[in-house]
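Accompanying notes for the structure given below.
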Amino acid sequence: NAGVTQTPKFQVLKTGQSMTLQCAQDMNHEYMSWYRQDPGMGLRLIHYSVGAGITDQGEVPNGYNVSRSTTEDFPLRLLSAAPSQTSVYFCASRDSASNQPQHFGDGTRLSIL
Amino acid sequence: AQSVTQLGSHVSVSEGALVLLRCNYSSSVPPYLFWYVQYPNQGLQLLLKYTSAATLVKGINGFEAEFKKSETSFHLTKPSAHMSDAAEYFCAVTLSGAGSYQLTFGKGTKLSVIP
């Protein structure tokens with residue numbers, strides 16, 4: 001039972017490069033989300049999705065794009081990486097009921113030079 | 001709207017001592033509350049949750065938390081700290097009711113356990 005799988009685990013980019021962080025879940029969860037974690041800041045919501053074809057912005061969406069073509073996958077795209085996007089990124093999924101906990105992937109550690 | 005405040009970014013306790021990690025929340029409607037633990041270089045793992053049933057909630061690894069509406073608090077406790085409890089702990093809140101999607105996290109408390 002894989003849960004939430006994130007790839008890659010580590011990545012180094014140069015300023016201006018683009019990349020996609022992958023997230024897949026095998027629990028048939030409708031709700032998926034992306035967070036970034038920075039020291040002393042906790043986790044901040046970037047984007048979320050409540051089902052295939054439906055996405056919305058969270059607290060810190062600028063510089064990131066998402067799409068949700070299937071229930072299982074929720075990729076996060078950085079179109080033009082900036083040093084301020086150096087962070088640890090977590091993907092999470094949850095059953096549709098809000099009293100259910102979110103299940104987290106192991107994270108992607110991203111450095112922008 | 002909702003928010004979470006965790007008092008103390010770092011807490012140190014001796015092995016065997018009581019662990020108390022503080023969390024206060026703000027919510028416009030009855031909340032659901034969660035505590036997560038993060039070990040180094042890992043993702044977040046659910047410790048326990050409050051979803052409007054019993055106000056004293058027991059979780060994994062001997063942790064428990066009590067929901068106190070009058071104090072808007074959801075503090076995490078463990079009677080006796082173990083070395084393996086050293087980690088970062090996050091309190092999080094979401095709104096109850098249909099259409100609630102956003103989980104808001106506190107900034108975290110790093111727990112150190114001194115032998």
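Odds and ends about this structure:
- Taking only the Cα atoms of the range A:47-110, the radius of gyration and Dmax are 12.4, 36 Å.
- Charge tally for A:Glu72 (other residues, Cβ to Cβ under 12 Å; Lys, Arg +1; Asp, Glu -1): -2.
- Other residues within the sphere of radius under 12 Å centred on the Cβ of B:Phe63, judged by their own Cβ, net out at 0 (K and R +1, D and E -1).
- Net charge contributed by nearby residues that have their C-beta within less than 12 Å of B:Cys23 (K/R +1, D/E -1): +1
- Relative intensity, log₁₀ I(q)/I(0), of chain A from a Debye sum that treats every alpha carbon as a point, q = 0.15, 0.17 Å⁻¹: -0.58, -0.75
- Percent RCO, i.e. relative contact order, over the range A:73-113, from Cα pairs under 8 Å lying at least 6 residues apart: 45
- Percentage of interatomic Cα-Cα distances in the range A:1-59 larger than 16 Å: 59
- A Förster radius of 41 Å, combined with the Cβ-Cβ distance separating A:Asn65 from B:Lys69, puts the computed FRET efficiency at roughly 0.55.
- Under 13 Å of direct C-alpha separation, and excluding same-chain neighbours fewer than eight residues apart, B:Lys110 reaches these aspartates and glutamates: B:Asp85, B:Glu88.
- For the range A:1-91, the set of trypsin sites (Lys or Arg not before Pro) satisfying both a DSSP loop assignment and a count of at most 15 other C-beta atoms within 10 Å is given as A:Lys9, A:Lys14.
- For q = 0.21, 0.24, 0.25 Å⁻¹, Debye-computed log10 I/I(0) when each Cα of the range B:23-107 counts as one equal scatterer: -1.01, -1.26, -1.34
- For the options A:Gln100, A:Gln57, A:Gln17, a Gaussian network treatment of chain A with springs between C-alpha atoms closer than 10 Å singles out A:Gln100 as fluctuating the most.
- Spin-label pair B:Tyr39/A:Phe10, simplified geometry with 7 Å Cα→Cβ offset, distance in nm: 2.0
Every read-out reported here was derived from the displayed coordinates using simple, explicitly stated rules and does not represent laboratory data. The structure presented is a predicted model; accordingly, all values stated were derived computationally and were not measured. Every residue, glycine among them, receives a Cβ derived from its backbone with ideal geometry; neighbour counts consider all protein chains shown.
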